[in-house]
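Undergrad: Quick one: the structure is below, questions incoming.
The values are calculated or read from the model by the stated rules, or taken from the named source; none is laboratory data. Since this is a predicted model, take the numbers as computed values, not measurements. Because the Cβ atoms are built from the backbone with ideal geometry, glycine has one as well, and the counts that use them run over all protein chains shown. Note: accessible area is taken over every heavy atom of the protein model, side chains too, but ligands, DNA and RNA are not part of it. Shrake-Rupley method; radii C 1.70, N 1.55, O 1.52, S 1.80 Å.
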Amino acid sequence: MSTNTTLHDTTDAGQASTNGTTTTVDVAVVGAGFAGLYLTHRLRQMGISSLGFDVADNVGGTWYWNRYPGARCDVESIDYSYSFDPELDAEWKWSERYATQPEILTYLNHVADRFDLRRNFRFETRVEKAIWNESSKRWILTTSDGDDIDCRYYVMATGCLSVPKQPDITGAERFAGETYSTGRWPHEGVDFTGKRVAVIGTGSSAIQSIPHIAAQATELTVFQRTPNFSIPAHNGPPVPDKVAEIAADRAGYRERARWSRAGVPLEASEVSALTVTLEERNAAYEKAWNTGGLFSLSTQFNDLGTNKAANDTVSDFIREKIAGVVDNPETAAKLSPYSYPFGTKRPCLDDNYYAVYNQPHVELVELRAEPITTITEKGVDTSDRSVEVDALVYATGFDAMTGALVSVDITGRDGLTLAEKWSAGPKTYLGLTTVDFPNLFMITGPGSPSVLSNMIVSIEQHVDWICDTLAHMTASGFELIEPTSAAEEAWGLHVNDFAGLTLFPQANSWYMGANVPGKPRVFLPYVGGVDGYRRICDEVVERDYLGFKLAGDNREQLNDGVVRELQPDVTIMLELIAELGMPPLESLPVAEARALSDAGKDMRPPGPDVGEIVDGTFPGAVGDLDYRLYRPTSPDQGADDQRGIVVYYHGGGWVLGDATSDDPLCRDLCDRTGAIVISVDYRHAPEAVFPAASDDALAALAWVRANAEELGGSADRIAVAGWSAGANLAAVVAQQVRGDGQPPLRGQALLTPVTDGTTVRPSMNDNADGLMLTKSLMDWFWDQYTDKAQRSDPLVSPLLADDLGGLPPAVVVTCQFDPLRDEGNAYAQAMAAAGNEVEHSVARGHIHTSVPAVDALPTGAVHRETIAAALTRFLA
Ligand code: FAD
Ligand code: NAP
């Protein structure tokens, strides 16, 4: 740590180094909730001075503020509690499965007492401003009591759900009765006995409080803008089996939580909701419903969060449950969510919520049908009526995840404020740090799993990561840490890519910033799981703070780089394949390599249905070969309206595969283009070496041209397409048939083509291993098909052709992490330079095998669409 700050523990908050109104300290901690308390404890253990602040007059954070009736956690208390101190963990006994707010607050007070944490905090003190001082390399914070805090490190432990949303309803200030906000509930409680009450909002806070308010109020009117999916909590004493499981191996249980997806050890299903019968599915849902809990339903099948049709099954189930509980069918219909998939807005856990609407004094107003026009002195006016009330309860939620961070006026390097930097949405590296704000850390910041997890697990992980980082910096003579722009930019892409794999972006949720007018629509948390995220954070450290700049008086370290560049579904697929432990294909005899390659065919998704599939043979260059024809689903067209035809060459390095081996891709192309796709076989090496494959490829095109009408297509509208070695053949064929007197080819679609066997380009080495197509496998393919001397022949290295002019329009898709990327790029550029029409895209984060993996890799779909759109254009 620095030489001019206090390294030791501050026995009285900040006193040791207070000078006038400026207090000097190593670490300023904003927030005294779960995060600020644990951070303070760890810093003290490390001998690092810290001073914490909270607007509240005591510890507790969320559990200090949210004192509305019925407030409880929705993650079981056994899980929703600290794990850092095994004795604390073992000694504390929760009285209920889901503890009430008072019990959780008592727990946090107990923790504060046990570790004597309050002396490191100034309560009733808001941090209002923070400015980075570039010359001293320190932060200067200004608090609501006018003091300045001079600190080396500044940690925002300010919570994801700590800034209640300002009432954004016309006339809110007019109401003359009692007004309450669930997120700022009076400490003395509220008695609604004998009162007419309105609750605005039907999120978790409302759903927890409404049954309690209904029990007191004479009239309760609930104003609902969007209905929520709510699951019964089935609260009671902690579940005995779970208590016993933890008691038997507390450390093991906690460790499993750390390496789980949501921060709670759960069985993850590997079954799709769409592959079981209705009875089986409903039995699973019924069991989950009766078990209760936030994760019970969502973990029944593996595709509820990613597949809308699968999600519909659980959404329907809950809607049926609502209809079963609520007597009035109209009210049940209003309470049933249809506008977003289950789980894409935070589901609620309830205690008899839906049944409340069977009580005669409780009414539901559906704001989509009758919006609030204004709040008046007496109550709420909607387009249809005036509802007079004595008390108005806002359960309208929070400016989530970014609200508390940008509500402090934080100015980083060169006068840039955090609010300005984040005006189009937050940008962070790992949800922990942000460029231009050195030495600023956020706990559970945007871009980390945070609110999608048991937050205590995520909080502990962030606190540990920050403290371990500070320890590393101290030991290494660094005093400054800041992420690099490249790392931050790539992290933002990764967070978005992951969210794009899920149904989350389909909801107008606070996860998307959609609840706050004017807030940018960005998916805020990281959906890659607590386990995956922890692995990434650990990897960043193991790779010597990859993506960070570290600096001290005498040394600097810039380790620029990107921790996750592959598309998330590609990473998952590679991990699954790695688990199979298959031998490298090139280590096997050819027949075994083919058998192993073929074995994968049965395990992949089949691709879309097409109208008709016809298998047949055609005359190759030296004998009959197989083809498979895919005809689109739309009605047959007559002779005057014949379809375009795509002659497709399969991948497999001229050694593996056959006319059916790229079946899902051919179906997909047929489905997207409406063209006939004919996948043709060709002779394979080593039995038939160069130029056998290109001879057969040419023969196939000649046969299709000659028989186009019989095949249902048009000889004037033919394009060639292929993947990998098949794209090589398509490129070769396109060159060979230039000006052959036949109707010219309408286009060529080249997906990750092999184009040059003579040059090793950087991508071949950069992506040599571990990404499906390896350098050694590619070498093996070449060796099977050609002699080295033959590799400059344009019949196998089309990039080396003397003349690349006059080629049909091309679409070329290469993949960022493909050994063949650079030769594919070079071919696209060379064709364009020769005056051809070329559409070229590089599939970010993809590998050689990504794009043909129909339905297995959703992020590949956009690139298949690029190819299909180009083919459709070519064949029009
Ligand atoms: P918080 O507890 O929000 O504490 C942040 C503190 O920072 C606040 O006390 C605030 O006053 C203070 N602060 C903010 N800005 C400033 C400033 N500028 N100056 C001074 N002080 C400042 N998560 C779960 O995982 N499971 C649950 O069951 C669950 N239930 C929840 C129930 C409710 C009602 C709510 C609102 C949230 C719930 N959450 C739950 C999320 C919950 O916020 C986290 O679990 C956790 O309590 C957050 O702790 P924290 O310390 O990060 O932040
Ligand atoms: P919320 O989920 O954001 O719900 C706010 C509700 O108010 C929504 O129904 C929203 O409708 C409505 N609303 C907002 N502005 C409105 C307006 N101008 N007019 C009419 N209606 C309006 O907030 P919350 O209930 O406080 O919960 C926030 C999060 O805190 C939860 O998702 C959860 O993570 C956590 N929490 C957990 C628990 C628990 O069970 N442990 C309890 C409370 C909170 P729209 O949906 O249309 O925006």
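Undergrad: I'm trying to understand the selection: among the residues of the range 515-530, which are buried (at least 17 other Cβ atoms within 10 Å of the Cβ) and more than 16 Å from ligand 1 (Cβ to nearest atom)?
TA: Passing the criteria: Lys519, Val522, Phe523, Gly528.
Undergrad: From the list Tyr353, Tyr357, which residue is within 13 Å of ligand 2 (Cβ to nearest atom), out of contact with any His (no Cβ under 9 Å at 6 or more places or on another chain) and over 18 Å from Ile169 (Cβ atoms)? Give the steps one after another, and end with the answer.
TA: Details: Tyr357 fails: within 13 Å of ligand 2 (Cβ to nearest atom).
It is Tyr353.
Undergrad: Let me ask you something else. Output the residues belonging to the range 223-238 that are open to solvent by less than 50 Å² (accessible area, probe 1.4 Å) and away from ligand 2 (no atom under 11 Å from the Cβ). Spell out how you get there, then give the answer.
TA: Initially, the range 223-238 is screened for residues open to solvent by less than 50 Å² (accessible area, probe 1.4 Å), giving 223-224, 226-233, 236, 238.
Across the range 223-238, the qualifying residues are Phe229, Pro232, Gly236, Pro238.
Undergrad: Checking Ala206 against (1) assigned to a helix (DSSP H, G or I); (2) buried (at least 24 other Cβ atoms within 10 Å of the Cβ); (3) of a type in the set (A, V, I, L, M, F, W, C); (4) away from ligand 2 (no atom under 12 Å from the Cβ), only one condition comes out false. Which one?
TA: Evaluating Ala206 over (1) assigned to a helix (DSSP H, G or I); (2) buried (at least 24 other Cβ atoms within 10 Å of the Cβ); (3) of a type in the set (A, V, I, L, M, F, W, C); (4) away from ligand 2 (no atom under 12 Å from the Cβ) leaves (4) as the failure.
Undergrad: Pick from the range 703-719 the residues that are more than 15 Å from Asp681 (Cβ to Cβ) and open to solvent by less than 10 Å² (accessible area, probe 1.4 Å): which of them is nearest to the chain's Cα centre (by Cα)? Can you show your working first?
TA: The initial filter retains those residues of the range 703-719 that are more than 15 Å from Asp681 (Cβ to Cβ), namely 705-719.
Still in the running and open to solvent by less than 10 Å² (accessible area, probe 1.4 Å): 708, 713, 718-719.
Values: Ala708: 46, Gly713: 43, Ile718: 40, Ala719: 37 Å.
By that ranking, first place goes to Ala719.
Undergrad: How many residues are charged (D, E, K, R), within 16 Å of ligand 1 (Cβ to nearest atom) and open to solvent by 20 Å² or more (accessible area, probe 1.4 Å) if we restrict to the range 73-96? It would help to see each step written out before you state the result.
TA: Residues of the range 73-96 charged (D, E, K, R): 74, 76, 79, 85, 87, 89, 91, 93, 96.
If we keep only those that are within 16 Å of ligand 1 (Cβ to nearest atom) too, we end up with 74, 76, 79, 96.
This time we only want the ones that are open to solvent by 20 Å² or more (accessible area, probe 1.4 Å), so: 74, 76, 96.
The qualifying residues number 3.
Undergrad: Give the residues of the range 466-491 that are open to solvent by 30 Å² or more (accessible area, probe 1.4 Å) and either closer than 16 Å to Gly547 by Cα or not hydroxyl-bearing (Ser, Thr, Tyr) (or both), sorted by residue number.
TA: Scanning the range 466-491 gives Asp468, Ala471, His472, Ala475, Gly477, Glu479, Ser485, Ala486, Glu489.
Undergrad: Moving on to the next point. For the condition surrounded by fewer than 24 Cβ atoms within 10 Å (Cβ to Cβ) and of a type in the set (Gly, Ala, Ser), what is the one hit in Ala688, Ala693, Ala730? Working first, answer last.
TA: Details: Ala693 fails: surrounded by fewer than 24 Cβ atoms within 10 Å (Cβ to Cβ); Ala730 fails: surrounded by fewer than 24 Cβ atoms within 10 Å (Cβ to Cβ).
None of the other options fit; the residue is Ala688.
Undergrad: Quick check on Val754: is it surrounded by 19 or more Cβ atoms within 10 Å (Cβ to Cβ), farther than 18 Å from Met831 by Cβ and β-branched (Val, Ile, Thr)?
TA: no
Undergrad: Looking only at the range 122-162, count every residue that is surrounded by fewer than 18 Cβ atoms within 10 Å (Cβ to Cβ), in a loop (DSSP other than H, G, I, E, B) and among the polar types (S, T, N, Q) and tell me the total.
TA: Summing the residues that are surrounded by fewer than 18 Cβ atoms within 10 Å (Cβ to Cβ), in a loop (DSSP other than H, G, I, E, B) and among the polar types (S, T, N, Q) in the range 122-162 gives 3.
Undergrad: What pairs can you find where one residue is in the range 785-810 and open to solvent by 60 Å² or more (accessible area, probe 1.4 Å), the other is aromatic (Phe, Trp, Tyr) and assigned to a helix (DSSP H, G or I), and their Cβ atoms are less than 9 Å apart, with a gap of 6+ or different chains?
TA: Between residues of the range 785-810 that are open to solvent by 60 Å² or more (accessible area, probe 1.4 Å) and residues that are aromatic (Phe, Trp, Tyr) and assigned to a helix (DSSP H, G or I), the close pairs are Lys788/Trp782.
Undergrad: Please verify whether the range 107-121 includes one or more residues that are of a type outside the set (Asp, Glu), within 16 Å of ligand 1 (Cβ to nearest atom), closer than 20 Å to Leu405 by Cβ and open to solvent by less than 40 Å² (accessible area, probe 1.4 Å).
TA: Yes, some residue in the range 107-121 is of a type outside the set (Asp, Glu), within 16 Å of ligand 1 (Cβ to nearest atom), closer than 20 Å to Leu405 by Cβ and open to solvent by less than 40 Å² (accessible area, probe 1.4 Å).
Undergrad: Follow-up. Hey, which of the strands (runs of 3 or more DSSP E) in the range 334-430, taking only ones fully inside, have at least 2 residues that are acidic (Asp, Glu)? Break it down stepwise before answering.
TA: On the way: elements: 348-350, 362-366, 372-375, 379-382, 386-388, 391-394, 409-411.
Ranges flagged: 362-366.
Undergrad: Ok, one more. Checking Gly70 against (1) under 21 Å from Gly293 (Cβ atoms); (2) open to solvent by 50 Å² or more (accessible area, probe 1.4 Å); (3) within 16 Å of ligand 2 (Cβ to nearest atom), which single condition isn't satisfied?
TA: With (1) under 21 Å from Gly293 (Cβ atoms); (2) open to solvent by 50 Å² or more (accessible area, probe 1.4 Å); (3) within 16 Å of ligand 2 (Cβ to nearest atom) applied to Gly70, the lone miss is (2).
Undergrad: Looking at (1) farther than 23 Å from Ala868 by Cα; (2) surrounded by fewer than 18 Cβ atoms within 10 Å (Cβ to Cβ); (3) within 28 Å of the chain's Cα centre (by Cα), find the lone condition where Pro605 falls short.
TA: (1)
Undergrad: Something else now. Report, by residue number, each residue of the range 254-298 that is touching a residue at least 12 places away in the same chain (Cβ under 8 Å), of a type in the set (Val, Ile, Thr), open to solvent by 50 Å² or more (accessible area, probe 1.4 Å) and in a loop (DSSP other than H, G, I, E, B).
TA: Selection gives Val271 alone.
Undergrad: Which members of the range 209-222 meet the condition of being out of contact with any strand residue (DSSP E or B) (no Cβ under 7 Å at 6 or more places or on another chain) and either open to solvent by 30 Å² or more (accessible area, probe 1.4 Å) or assigned to a strand (DSSP E or B) (or both)?
TA: Scanning the range 209-222 gives His212, Ala215, Gln216.
Undergrad: Which of the numbered conditions does Gly60 fail, given that it passes all the others? Conditions: (1) near ligand 1 (Cβ under 8 Å from one of its atoms); (2) in contact (Cβ under 8 Å) with a residue 60 or more places away in the chain; (3) within 26 Å of Thr142 (Cβ to Cβ).
TA: The number of the failed condition is (2).
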